[in-house]
Structures are given as C-alpha cells and as structure tokens.
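In what follows, a structure is listed as structure tokens, so that the remarks can point back to it.
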Amino acid sequence: MEEAVSLELTPDEAARITREQRETKAAKSKNLLEVRNLSTHFFTPDGVVRAVDDVSFELGYGETLGLVGESGCGKSVTALSLTRLVPNPPGRIVAGSVVFDGVDLLKLSEDGMRKLRGKEIGFIFQDPLTSLNPTLTIGYQIAEAIRQHMGLSKKASFDRVVELLAKVGIPRARDRLNDYPHQFSGGMRQRVMIAIALSCDPKLILADEPTTALDVTIQAQILELISVLSDEFGTAVLLITHDLGIAAGMCDRVNVMYAGRIVETGSVDVIFERPRMPYAWGLLDSLPRLDDVRGDRLRTIEGLPPLLINVPDACRFNPRCNFARDACRDHEPELTAREEPGHFARCWATDKGGWIP
Amino acid sequence: MTAALERTDAATDAKNGNLIEVENLKVYFPIRAGIFKNVQGTVKAVDDITFEVRRGETLGLVGESGCGKSTTGRAMIRLREPTAGSVSFDGVDLTTLKSGPLRRLRRRMQIIFQDPYGSLDPRMTVGAIISEPLETHGLAKGEGKRERVAELLKMVGLDPSYVNRYPHEFSGGQRQRIGVARALAVEPEFIVCDEPISALDVSIQAQVLNLLTDLRDRLGLTYLFIAHDLSVVKHISDRVAVMYLGKIVEIGPPDTIYAAPGHPYTRALLSAVPVPDPAMERKRRRVILTGDVPSPANPPSGCRFHTRCWLYERLGKPENCRTIDPPLREVGGTDQKAACHYAEDSIKSDVGVAHIDDTPIRHGTPDAALRFSHKSTAEIIGEIPEGDIDQALIPSIEEVPAGDAGAEDDGAKPN
C-alpha cells in the first residue's frame with residue numbers, strides 16, 4: 001500500500017488468476033453457511049412487515065457472495081438475521097435455520113452467539129463513523145475483540161493490532177494507536193473497521209454496503225483491500241450492495257433480492273449476462289454506463305417497490321413488470337432452475353412453458 | 001425550437017455562444033479557532049478556476065467530495081459570495097450586482113438540490129412549494145397560479161391532484177420531481193443540478209435522469225450537472241469538467257476525455273468506477289490511487305495531484321510537478337483541455353480506462369423478450385407523450401411590472 005500505483009496485470013493474466021481462484025473455491029464442496037427458509041418479520045402497529053420472506057441460500061468456504069437489491073428489499077435484514085442482531089421488538093426471526101460451519105445459529109444460546117460474533121463472523125458496516133465508538137481510541141477498539149476472543153495478553157494483543165493496522169494499509173500504525181476515530185478520514189476509518197473484522201481470523205465477513213459512504217477512488221482502495229485480504233485469509237464474504245458494478249467486480253455468485261425474496265441467483269457471469277428475471281433486466285437497463293453511447297434514453301422500471309404488509313400470493317414484481325400476465329397476479333412463482341447449473345429465477349414468463357423463450 | 005430557446009435568442013445578441021463565463025473564480029472559507037475565533041487559515045474550496053457554460057449545453061462537473069464542485073455551482077448563481085473573480089451570466093457580472101437586480105436575474109437561474117428530504121419544507125404543501133417562486137417573482141396569482149402549478153406537476157410526471165399533499169407523503173424520487181417542478185416554475189434558462197440523483201435508488205435514478213434529459217431537450221435548458229458518478233455524467237453531458245482540490249484539472253467532451261484522459265487524475269477516477277459487466281471488470285487495468293485527498297486548507301505545492309499521482313511516480317518524480325502549478329491547456333482531442341505538464345503521456349497511456357472501444361453490450365432486457373411486453377417502447381422508457389408537454393408549456397407568463405417585484409426586495413437578503 002505504501003508504494004504508489006497500480007496493479008499491472010494483463011487482461012489475460014487477470015482472467016486466468018480469477019478462473020484459478022474460482023476453481024479452487026469450487027473444489028471445496030462443503031458449505032460454510034447454509035440458510036434455509038429464513039423469515040424475519042417486523043411486528044408494527046400497521047401490520048406484519050415481511051422484510052425477509054422464506055430466503056434460502058448457501059455460501060462456500062472462501063467464496064464471495066453478493067446480495068444485491070434496492071433499499072428496503074431485505075438485504076440488510078438478512079445479514080442481521082444471520083447473526084441474530086435484528087432489533088427485537090419489533091423484529092423477530094419467525095422461521096428457518098442458519099447453519100454456520102455445522103452449527104445452527106438460530107438454536108445457539110445467546111452466550112454461544114456472542115462467542116461467535118466478531119470471532120468467526122466479522123462485520124464491516126456502511127458508515128464507519130457511527131460503527132466506531134468516538135470516545136475510545138482506535139487501538140483499544142481493535143484490541144477489544146482480540147482480548148475477548150483470543151485471550152491474548154495486553155502486550156501480545158498490542159502487537160497484533162499494529163500488525164493488523166499495517167496490513168490494512170494505515171501508515172505509521174504504531175503512532176496512530178492512540179488516535180480517536182475523528183482523527184481518521186472516512187477511508188481510513190473503513191480500514192480500521194476491516195482491521196477489526198479480520199482481527200480474529202473469521203471464517204466469514206459480512207460486508208453491508210462497505211463503500212457506499214466513500215468516494216470512488218477510496219472505494220476502489222477499500223474493495224481492493226477486501227478482496228486481497230479475503231483471498232489471503234481464505235475468508236468468505238457476504239457482500240451486500242446496491243451497486244451492480246461492485247457486485248460484478250467482486251463476487252463469485254450473486255443473489256438478487258426484491259421485496260423480501262430472492263428473485264434470482266446464479267454465478268456472477270450468468271446474472272449479468274443472461275439473467276432470466278425481468279427485475280434483473282430492469283436494473284441492468286436503468287444503469288448509465290461508462291461504455292454507453294451518449295444521449296440514449298434509459299429504460300426505467302416504473303413505479304415503486306411494494307409495501308411488505310399483507311403481501312398477496314402473486315409475483316411481487318408484477319405491478320412494475322412489462323411482461324406480467326394473469327398467471328403472475330394469481331400465484332407467486334417459485335425459484336426454478338434454469339439452463340446453467342446453479343442458476344435459479346423466480347418468474348413465470350421465463351420458466352418452462354412461460355411466454356418468453 | 002422551443003419557446004424558451006427563442007426567448008433567449010431574442011433577448012441577447014447571438015454572437016456569443018456562452019451563457020455563463022466564470023473567470024478566475026475563488027471561493028475561500030476562513031478557518032476560525034480559539035476563544036476569540038481568530039482566523040487561523042483558509043480553506044481554498046475553489047481556487048482560481050476559469051471556464052464557460054455554453055448556451056443550451058449540459059456541462060458535467062465531477063470530482064470527489066470536498067473538491068469544490070458544489071461550491072462552484074453555488075457561486076455561479078451567487079448563493080455563495082465569491083472571494084475573487086467574476087461570474088457573468090448572459091453578459092451581466094453577477095458578482096457586483098445589487099440584490100434587486102440580482103433577484104430579478106435569479107428568475108433565469110435555478111438549482112435542484114441533492115437531498116430530496118432536506119430541500120423541501122415539511123410544513124408546506126406541494127402546491128405552496130411550487131408556487132413560492134411564482135409569488136416571489138410576481139409571475140402569477142390566483143387561478144393562473146393554480147393552473148401553472150398543475151401544469152408543472154404534470155410536466156414532471158406527477159398527478160396534479162397531489163397539490164395539497166405534504167412532502168412526507170412522497171417517495172424520494174417523487175420528492176426530487178417536486179424539486180424539479182419548483183426549479184422550472186419560473187421558466188429558467190440555466191439550472192444547477194447539484195447531485196440530483198445521488199440519494200435515489202438505482203431504478204428511480206433512471207426515472208429522474210430521463211426526466212431531466214427530456215425537459216432539457218424540450219425546454220432548451222442549460223444545465224450544470226454536478227455529480228460524483230462518472231457514468232451518470234457521461235450519459236447526460238455535452239462536456240465534462242473534472243475537479244480536484246478546488247481546481248479544474250480537465251475539461252472536454254466526454255467521449256474524448258473518457259477514451260483518452262489528458263490528466264492522470266481523470267484516468268484514475270475512471271478506472272475506479274465499477275462497470276456492471278463481470279467480463280470487463282476482470283480484464284480492466286486498474287490504477288488504485290494511494291492515500292486520501294489532501295486538505296484544501298493546505299494543498300500540496302506545484303501540481304496538487306502530485307502526491308497521489310501514478311504518472312508522477314512512473315516518470316521518476318519530475319521536479320516541475322512539485323514546483324510549478326500546471327495551467328489548463330489545450331491537449332490532444334478537439335475541445336479538450338487538461339492541467340498536467342505531461343498530459344501527452346497520460347493520453348498515450350492505456351492504464352485504467354474501461355475498454356470503450358469494445359462494442360458496448362447491455363445485458364438488460366433481451367431483444368427477443370421485448371415483443372412479449374404489454375407496454376410500448378415509449379411507455380417502457382417513461383417518455384412523456386408529446387401532447388402533454390406542449391400543453392404544459394405556457395408560451396409566456398403575464399408579468400407583473402418589474403418595479404413591483406423589485407421594490408419590495410431591494411436590500412433583502414439573497415434568496
């Protein structure tokens with residue numbers, strides 16, 4: 001990180017390296033995380049909000065999985081549910097199982113859960129300023145998790161903190177241990193968050209919009225850091241983002257969420273090149289791109305996402321969909337398998353026997 | 001072409017193609033500290049920039065947070081007092097104008113803000129929000145005002161029956177439409193769009209972006225479009241200016257400066273933008289800039305970018321980068337200017353640029369699927385039918401004599 005510039009890989013080399021990485025990841029077949037039929041509801045005076053509704057997915061060791069969708073689609077609540085951090089009341093996990101490394105987290109005692117958070121599962125949140133404590137030094141906050149979980153001595157944890165800060169690219173790490181969060185810039189604070197997340201060698205990192213509050217050049221630094229370090233430590237990453245570009249560059253597989261449901265899931269290439277769900281089409285259509293021809297109008301998705309109270313048995317996207325027919329309004333489609341292995345979409349129109357070939 | 005365009009053409013002599021000319025503009029903010037609030041230094045938010053906005057064009061202004069792009073936009077319509085330099089709007093120097101004439105001139109320039117939540121008064125109805133500028137400028141009253149508000153709502157794609165609702169009843173995208181309607185109320189020629197879609201969701205961003213391009217094309221508006229998202233800026237702009245630490249470092253047509261950036265910062269910025277295409281993401285060559293943007297209170301000597309510049313490193317740290325501040329000069333492509341001693345090297349480099357020469361493939365709705373759509377293409381792209389907008393455009397507003405409007409606001413604080 002000290003030297004200026006650049007990752008000088010030719011396109012061919014880069015493609016080969018990514019392919020190799022993906023192959024080694026695929027070779028490990030057992031999943032680190034298996035989420036089955038997870039439902040998290042919020043009980044509000046206006047009714048029950050089904051924020052996460054029957055969501056299932058798995059995440060392999062060392063894999064990076066993207067959870068993509070617009071605000072309110074349930075992607076953050078999914079991540080909070082995995083670690084049982086949903087504010088209760090009003091929220092409650094009403095059904096499902098979350099098996100992490102062989103243990104069902106939803107059946108674990110609160111004490112057992114506490115031993116896991118920060119140790120086996122690290123967090124990186126969107127806003128590093130509100131997730132760091134302004135009254136404690138950076139050094140203390142990083143060392144806290146290490147002392148809690150690894151039982152290291154003060155001296156040993158101090159050394160570990162310096163090592164971590166250097167690893168995440170904070171210059172003069174030793175001198176900055178006694179600084180407070182406000183003395184760091186946004187990008188630096190996010191580096192500190194990454195250091196905390198990695199401090200106990202977790203198997204999984206939950207990154208919830210890790211770069212949304214940052215400028216593009218800083219975003220590029222942070223994403224690079226996350227992908228380099230997760231490769232180095234073999235950490236799996238659940239990356240929550242609304243930015244399709246970030247998902248395209250970072251993820252091995254992508255789940256697209258809409259209105260509390262996973263509506264499409266597959267490898268990153270399939271999701272971006274051959275999606276089979278009109279919502280995914282709409283998202284890709286509505287993005288202005290660097291490689292665009294200027295002046296073209298964007299195709300948009302009209303309307304707004306539905307409220308998640310009293311959801312009818314119908315495709316949740318149908319009111320905004322250009323292809324909806326009666327079938328879409330009568331019954332909600334299941335996630336069904338498509339041509340490529342691992343590719344599933346929730347759509348009557350593109351399913352077998354549907355009206356879009 | 002349109003009423004608005006004809007009006008401007010008639011009002012000024014056509015020999016000058018520039019609507020706004022900014023010359024050596026500086027906006028400094030004092031840093032005060034200690035119990036006596038003594039001035040300890042200055043933040044040079046905008047430091048000596050010169051550029052022009054041509055009539056009818058959209059000039060995109062991009063840069064990272066704190067680079068001075070919003071301050072520039074505000075200084076151009078004098079919502080910020082410039083420290084030095086001049087801004088002339090259609091030949092009139094704004095910086096020396098008294099408040100009365102300034103207010104009258106403000107009718108011709110408006111602003112749309114980033115935050116659709118903070119920029120609308122929660123205690124005012126939509127009708128009151130949109131009609132306030134009409135009242136301020138004495139443009140319409142009574143029944144005429146109500147009609148005009150209904151027309152404006154229709155023009156931005158909102159139901160005119162919403163007129164008595166309050167901002168909290170609307171979604172972010174709808175609020176932004178209200179902000180657009182308010183700006184359009186006085187039939188301005190020039191609108192500063194200050195990050196108008198940054199706070200919105202992806203699918204809603206496209207709706208508002210389409211609305212802004214529609215209105216521009218049909219009303220002949222000139223935009224200063226401020227954004228940090230380079231893809232958005234490329235989509236909407238005729239020319240793009242890139243700012244870094246209070247300076248314009250590059251300006252030119254987007255096709256030119258995105259394909260062959262003359263400033264290493266532009267190249268780095270471009271390479272940092274994620275592209276929603278996994279294949280392209282894998283083969284791109286990235287420049288990862290190190291470190292943060294330096295403080296504008298104490299900018300680096302010489303070229304302000306040299307502390308983070310990859311080209312400076314590559315060229316063996318030439319001395320003039322550290323000592324001489326490079327001026328904005330003509331380089332490479334047509335109409336392209338860059339402020340770099342080694343712009344030619346930057347243009348020749350192949351670092352960082354998304355492969356624009358590749359045929360762009362948009363993997364959205366497949367063409368094969370389109371014929372199964374139950375909507376027409378115009379409906380899908382959310383175009384406003386031609387008839388509606390012509391109806392919504394009133395050729396001229398009955399103006400209250402200038403004396404009336406001017407008398408009450410002489411000496412009043414700027415709008």
remark   = Largest fluctuation, A:Val52, A:Val256, A:Val86 only, Gaussian network model of chain A with Cα springs under 10 angstrom, belongs to A:Val86
query = Long-range amide H contacts for A:Val94: which residues qualify at under 5 Å (H placed 1.01 Å from N, peptide plane, sequence gap of 5 or more or a different chain)?
reply = A:Ser39, A:Thr40, A:His41
query = Within a Cβ distance under 15 Å of B:Asp345, other residues only, what is the Lys/Arg minus Asp/Glu net charge?
reply = +1
task = Mind checking B:206-213 for the average number of partner chain beta-carbons within 10 Å of each residue's beta-carbon?
result = 4
task = Report the FRET efficiency, 1/(1 + (r/R0)^6), for A:Glu110 and B:Met124, where r is their Cβ-Cβ distance and R0 is 41 Å, rounded to 0.05.
result = 0.30
message = Quick check on the stretch B:123-182: take the gyration tensor over C-alpha atoms, sort the square-rooted eigenvalues as a ≥ b ≥ c, and tell me if it's rounded (a/c under 1.5), prolate or oblate.
response = prolate
Centroid-to-centroid separation of the stretch A:223-301 and the stretch B:267-318 [C-alpha atoms, Å] = 24
task = From other protein chains only, count the Cβ atoms within 10 Å of every residue's Cβ in A:212-224, then give the mean.
result = 6
query = How many angstrom separate the Cα center of the stretch A:309-352 from the Cα center of the stretch B:85-100?
reply = 58
task = Provide the percentage of antiparallel DSSP beta bridges, counting only those with both residues in chain A; round to the nearest 5.
result = 60
query = Using modelled amide H (1.01 Å from N, peptide plane; none on Pro or chain starts), what sits under 5 Å from the amide H of B:Arg329, excluding residues fewer than 5 places away?
reply = B:Ala338, B:Ala339, B:Cys340
task = Rounded, prolate or oblate: pick one for chain A, where a ≥ b ≥ c are the square roots of the eigenvalues of its C-alpha gyration tensor, a/c under 1.5 means rounded, and failing that, prolate if a/b is larger than b/c, else oblate.
result = prolate
query = Among bridges DSSP assigns within the protein assembly as shown, what percent are antiparallel (round to 5)?
reply = 60
request  = Using only the Cα atoms of the stretch A:192-349, build the gyration tensor, take square roots of its eigenvalues as a ≥ b ≥ c, and label the shape rounded, prolate or oblate: rounded if a/c is under 1.5, else prolate if a/b is larger than b/c, else oblate.
outcome  = prolate
Mean Cα-pair separation over length for the stretch B:228-298, i.e. relative contact order, pairs under 8 Å, 6 or more apart, % = 23
inquiry  = For Cα pairs less than 8 Å apart in space and 6+ apart in sequence, what is the mean separation divided by the residue count of the stretch B:261-358, i.e. the relative contact order in percent?
reply    = 41
ask   = With contacts defined as alpha carbon pairs under 8 Å and 6 or more residues apart, what's the relative contact order of chain A in percent?
value = 18
note = Beyond 21 Å (Cα-Cα) in this structure, taken from B:Lys44/B:Lys234; A:Lys167/A:Lys203; B:Lys317/B:Lys337, we find B:Lys44/B:Lys234; B:Lys317/B:Lys337
note = Between A:Glu120 and residues 5 or more places away or on another chain, the pairs with built amide H atoms under 5 Å apart involve none
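Taken together, the values in this text are just the output of simple stated rules run on the coordinates, not laboratory data. Fair warning: this is a prediction, and the values are worked out from it, not measured in the lab. Note: ideal-geometry Cβ built from the backbone for every residue, glycine included; neighbour counts use all protein chains shown.
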